[in-house]
Amino acid sequence: MHGEGRLGDGVDVERPGYGMPAPFAGIHDLPRLLERLHRRFLDVVRIELERLQSAHVTPVQGLMLLTIGDSSPTVQELIERGHYLGAAAASNLRALVQAGLVQGPGAQDDRRSARLCLTDAGMALCGELRRVEAGHVLALARDGEGQADLMAAYRLLNRLEQSWADVIRADAIDVGPALPGGEV
């Protein structure tokens, strides 16, 4: 019989890190950190939209413009790439079409399979937002070490997203030996 708040090997699940080796002890906070980063980035986009006198465009709509870019995705692809919720995506997309920034599907088109594209005004605003994004990246990656750190973080976050997407697709968690020596 194990004590309350303990797993089989005496791992204290109530303590931060869930008994993970010291380098990984704070990893349980990662989803919350990612959420905070996302909110901060939305604030950066909002500030830039206000500076560009495009305050009628919300930060989420600005991110949608960046996601559409020059790739002409379908509505379904936009929702998948940007991880927008269906109803919210439709509402934001409608606002972008009404603002003359996105050319949307016609009334008779199957809205989910119709291709989206930015208008000239949408391309101009998207270009400004990309310029700001690039400025932030360059500020973080001023030297070789900063560039390496940024690229390592990018690769790791992509792997993490892929791992979580695989779990969702499989609808099961395959917890195997994740650390050297078989520790989990």
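The values are calculated or read from the model by the stated rules, or taken from the named source; none is laboratory data. Note that the structure is predicted; figures quoted are calculated from it, not measured. Counting neighbours? That spans all protein chains shown, and the Cβs are built from the backbone with ideal geometry, glycine included.
Structure data summary
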quantity	calculated
Qualifying residue in the range 97-118 (condition: within 21 Å of LEU37 (Cα to Cα) and either under 21 Å from the mean Cα position of the chain (by Cα) or free of Cβ contacts under 8 Å to residues at least 60 places away in the same chain (or both))	no
Of residues in the range 56-70 being at pLDDT 90 or above and in contact with a Cys (Cβ under 9 Å, 6 or more places away or on another chain), the one farthest from VAL132 (Cα to Cα)	ILE68
Matching residues in the range 16-55 - criterion: being outside any helix (DSSP H, G or I), over 26 Å from LEU118 (Cβ atoms) and either among the hydrophobic types (A, V, I, L, M, F, W, C) or modelled with pLDDT of 90 or more (or both)	MET20, ALA25
